[in-house]
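Coordinate-derived values only; no laboratory data. In this text the structure is predicted, and so the values were computed from the model without any measurement. Backbone-built Cβ (ideal geometry, glycine too); neighbour counts: all protein chains shown.
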Amino acid sequence: MRPVAAVRRAARREWGALFTTVRGGLARSRPRAATMTLAAVLLTALLQLAQNRSWGLRPVQVLGSVRAEDPLWISLLRTPLSLFVPAPDLPVWGALTQVLVVFGIAEICLGRSRTLLIAYVATLAGTLYARFGVAVGPDGLFGLPPSDARIVDTGPSAAVVGLAVYVCHAYRARFTGAVVIVAMTVEVIFKNNLAAKEHLAAIGAVLVLCAVTARRGRRRNPPVRRGQDLGAGTGARSGAPPIKS
């Protein structure tokens, strides 16, 4: 029983706060707790349906298809929608499941606006990395072959990886966050393709966001010195969590 109890304590430390937040959000609002996520799943499914029809392939390409060989301004305009365009060579159910689970948890824990911001930053990091990698070339560090410039670069995977890392940071699920980062690193070692490297670019961008957020949090809530009257003159109880912006 002792090993089982140890595992339970470890799981509680790792996921307790995250589980409590998600369960509470669903209990209070039920489907409304993740309306943006449900809309994203529906949009992804509709774009998948459209790009597999003769009448919809061209519009989807014009609005949401990103390639490193395209002019930068066109790629920047298409990047937001490209997040919800499933990769044509991967099963759509994988993309839908990723969006439903990871976006749903992030929306409940972080809020809609922050979830969308982090998802966009992660996707944009992958888009910009592709251009950088092709410019560097296959012989340079983090470089890519010229043929990768013609690859259609769409899908939610970079956003999903970025959101997973950010949520783990925000809720101190450090081991889980480390597992995600290690898994993406191993993916690059074994696959070494554009998608795998973009996942690492997304993680790098999100880690910068995590560092900025942590620094802002320390400025807003400086550590209390020993002997200081906790909460004096502030009207806040000691140990109260910071208000989400």
Query raised in the report: Taking the Cβ-Cβ separation of Phe190 and Val136 as r and a Förster radius of 25 Å, what is the calculated FRET efficiency to the nearest 0.05?
Result: 0.70
**Report entry** Efficiency of FRET between Leu207 and Asn52 - r from beta-carbon atoms, R0 30 angstrom, step 0.05
**Finding:** 0.25
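Using the Cα gyration tensor of region 43-118, with a ≥ b ≥ c the square roots of its eigenvalues, what is the shape: rounded (a/c below 1.5), prolate (a/b larger than b/c) or oblate (neither)? Can you show the working numbers first?
Details: a/c = 2.43, a/b = 1.35, b/c = 1.80.
Oblate shape, in that a/c is at least 1.5 and b/c is the bigger or equal ratio.
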Report task. Could you check which residue among Leu110, Leu46, Leu141 shows the biggest mean-square fluctuation in a GNM of the chain with a 10 Å Cα cutoff? Result -> Leu141
Query raised in the report: Anyone know which of Glu14, Glu107, Glu198 comes out most mobile in the 10 Å Cα GNM of the chain?
Result: Glu14
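Please arrange Thr37, Thr154 by counting, for each residue, the other beta carbons lying within 10 Å of its beta carbon, fewest first. Let's see the in-between values first.
Numbers: Thr37 22, Thr154 28.
Lowest count first: Thr37, Thr154.
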Query raised in the report: Which of the helices in the chain meet the span-like rule: DSSP H, Cα axial reach of 30 Å or more, Kyte-Doolittle mean at least -0.5?
Result: 2-29, 112-136, 194-220
Report summary line: Per the helix-only model, the chain has a calculated mean residue ellipticity at 222 nm (DSSP H runs of ≥4, -39500 (n - 2.57) each, divided over all residues, rounded to the nearest 500) of -22000 deg cm²/dmol
Requested in this report: Just need the relative contact order of region 2-217 here, percent rounded to a whole number, with Cα pairs under 8 Å and 6+ apart.
Outcome: 23 percent
Report summary line: Simple SL model, points at 7 angstrom along Cα→Cβ for Arg9 and Ala183; separation in nm is 2.7 nm
Query raised in the report: Using a Gaussian network for the chain with springs between C-alpha atoms less than 10 Å apart, which of these wobbles most: Gly104, Gly155, Gly25?
Result: Gly25
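Can you put Thr20, Thr44, Thr115 in order, fewest other beta carbons within 10 Å first?
Working: Thr20 12, Thr44 23, Thr115 26.
With the fewest neighbours first, Thr20, Thr44, Thr115 line up as Thr20, Thr44, Thr115.
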**Report entry** Difference of contour (0.36 nm per residue) and Cα-Cα distance, Leu90 to Arg220
**Finding:** 42.4 nm
Query raised in the report: For q = 0.12, 0.19, 0.23 Å⁻¹, what log10 I(q)/I(0) does region 39-168 give under the Debye formula with an equal point scatterer on each alpha carbon and no solvent?
Result: -0.46, -1.06, -1.34
